[in-house]
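Peer 1: Shown below is the structure under consideration.
The values are calculated or read from the model by the stated rules, or taken from the named source; none is laboratory data. Since this is a predicted model, take the numbers as computed values, not measurements. Cβ placement follows ideal geometry from the backbone for every residue including glycine, while neighbour counts extend to all protein chains displayed. Surface areas here come from the heavy atoms of the whole protein model, side chains and all, with no ligands, DNA or RNA. Shrake-Rupley method; radii C 1.70, N 1.55, O 1.52, S 1.80 Å.
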Amino acid sequence: MYITILILLLSIVIFARRRRNRVFLDPEERAVLITGCDSGFGNQLARRLLDMGFTVFATCLFPEGEGAQSLLNYSSSGKMRVIRLDVTSDKEVAEVKQYVQDNLPAQGRMVFMSSISSYLSVMNGIYAMSKAALEKFGDSLRLDMMRNGVKVCLIEPGNYANATNIQPRKSTDDIWNSLSADAKESYSKEYVEKVNHLVNLSLSKGSSKSHEVLDAIVDALTSPTPKPRYLVASIAEKISVYLYLWLPTSLFDKILSRAFV
């Protein structure tokens, strides 16, 4: 037992020294392609990386829109390039892929924006499902890309609604009027009002400290030993994730049902 503890302590010391002495990548003459730069974290990250000296290929759904134009006006160095990309268009994705191959080395790293919702799916089933799928894709890709020297990282932010305005507030009437007749038979308006109140309350409590997420992304891009996952969340959110991972599902479901519904 004592030998096991000693090995564990030595491992922690070695890991800490490696993290302290690591040399970060030089941003000069390096480029990053970012999707979703019209607003939110994508737009903020483009500015941060540009300030650090990266060349930034910022993809936007609306290149003539306010978000894209603000990025072009932000840079006078010629290192900011705005590219149109609708991620639902196979043609445009293929064109951007060719653009990357023509302008960047083949080797690099990939950073995906996941979410704490990949673990906790409360009142956001469709969004949580998409992030859970992204997590599994990232895990598979990370293992596959090891042979090519490409690192794959997943960023898992908690509630940063006030930093990104990702979800506009809606009134109960707007939601109720948008429901089908079948849905109205299944859910009462009182229930919809209660859930909508909880959602809006949660959004109002979201963190506005977007720099915390950007710091994690920058570390994933520049660290010589980036982490496979960056859980960027409050203490309460992290505890919720750990409970989800370790508690029996039936018990965790009861806790959530009492807390949110």
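Peer 1: Mind checking which residues of the range 83-97 are open to solvent by less than 40 Å² (accessible area, probe 1.4 Å) and in a strand (DSSP E or B)?
Peer 2: Scanning the range 83-97 gives a single hit, I83.
Peer 1: Mind listing whichever residues of the range 226-250 are touching a residue at least 12 places away in the same chain (Cβ under 8 Å) and over 23 Å from K136 (Cβ atoms)?
Peer 2: Residue satisfying the conditions is S234 alone.
Peer 1: Is it the case that the range 191-210 has a residue that's within 30 Å of T172 (Cα to Cα), of a type in the set (A, V, I, L, M, F, W, C) and loosely packed, with under 12 Cβ neighbours inside 10 Å?
Peer 2: Taking every residue of the range 191-210 in turn, at least one turns out to be within 30 Å of T172 (Cα to Cα), of a type in the set (A, V, I, L, M, F, W, C) and loosely packed, with under 12 Cβ neighbours inside 10 Å.
Yes/no per residue for (1) within 13 Å of the chain's Cα centre (by Cα); (2) at pLDDT below 95; (3) not polar (S, T, N, Q):
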| residue | (1), (2), (3) |
| --- | --- |
| V150 | no, yes, yes |
| L154 | yes, no, yes |
| Q167 | no, yes, no |
| S180 | no, yes, no |
| Y187 | no, yes, yes |
| V192 | no, yes, yes |
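Peer 1: Which residues, counting only those in the range 38-74, are under 17 Å from L104 (Cβ atoms) and touching a Cys at 6+ places or on another chain (Cβ under 7 Å)?
Peer 2: A46, A58, T59
Peer 1: Determine whether V100 is farther than 25 Å from S210 by Cα, at pLDDT below 90, surrounded by 14 or more Cβ atoms within 10 Å (Cβ to Cβ) and out of contact with any Pro (no Cβ under 9 Å at 6 or more places or on another chain).
Peer 2: Numbers: farther than 25 Å from S210 by Cα: yes; at pLDDT below 90: yes; surrounded by 14 or more Cβ atoms within 10 Å (Cβ to Cβ): yes; out of contact with any Pro (no Cβ under 9 Å at 6 or more places or on another chain): yes.
So V100 passes the test.
Peer 1: Out of M145, M129, M110, I need the residue that is open to solvent by 60 Å² or more (accessible area, probe 1.4 Å) and in a helix (DSSP H, G or I). Which one?
Peer 2: Answer to the selection: M129.
Peer 1: Any residue in the range 38-56 that is touching a residue at least 40 places away in the same chain (Cβ under 8 Å) sitting within a Cβ distance under 7 Å of a residue that is of a type in the set (G, A, S) and in a helix (DSSP H, G or I)? List the pairs, counting only those 6 or more apart or interchain.
Peer 2: These pairs meet every condition: S39/G67; F41/S210; Q44/S210.
Peer 1: Then there is this: Mind counting the residues in the range 190-226 that are out of contact with any helix residue (DSSP H, G or I) (no Cβ under 8 Å at 6 or more places or on another chain), hydrophobic (A, V, I, L, M, F, W, C) and within 18 Å of C153 (Cβ to Cβ)?
Peer 2: 2
Peer 1: Taking the options F41, F62, name whichever one is assigned to a loop (DSSP other than H, G, I, E, B), aromatic (F, W, Y), at pLDDT 90 or above and under 28 Å from N162 (Cβ atoms).
Peer 2: F62
Peer 1: Could you tell me whether any residue of the range 66-82 is in contact with a Ser or Thr (Cβ under 7 Å, 6 or more places away or on another chain), among the β-branched types (V, I, T) and on the phi < 0 side of the Ramachandran plot?
Peer 2: Checking the range 66-82: not a single residue is in contact with a Ser or Thr (Cβ under 7 Å, 6 or more places away or on another chain), among the β-branched types (V, I, T) and on the phi < 0 side of the Ramachandran plot.
Peer 1: Also, I was wondering about something else. Select, from S180, S140, the only residue that is open to solvent by 40 Å² or more (accessible area, probe 1.4 Å) and under 22 Å from S115 (Cα atoms).
Peer 2: The conditions single out S140.
Peer 1: Regarding I175, is this residue open to solvent by less than 60 Å² (accessible area, probe 1.4 Å) and free of Cβ contacts under 8 Å to residues at least 24 places away in the same chain?
Peer 2: Yes: the conditions hold for I175.
Peer 1: Across the range 73-82, which residue is nearest to S210 (Cα to Cα) among those that are part of a loop (DSSP other than H, G, I, E, B) and not polar (S, T, N, Q)?
Peer 2: Filtering the range 73-82 for residues that are part of a loop (DSSP other than H, G, I, E, B) and not polar (S, T, N, Q), the one nearest to S210 (Cα to Cα) comes out as K79.
Peer 1: Follow-up question, since we're still on this one. Just to be sure, is L231 open to solvent by 30 Å² or more (accessible area, probe 1.4 Å) and over 18 Å from the mean Cα position of the chain (by Cα)?
Peer 2: Taking the combined requirement at face value, the residue does not satisfy it.
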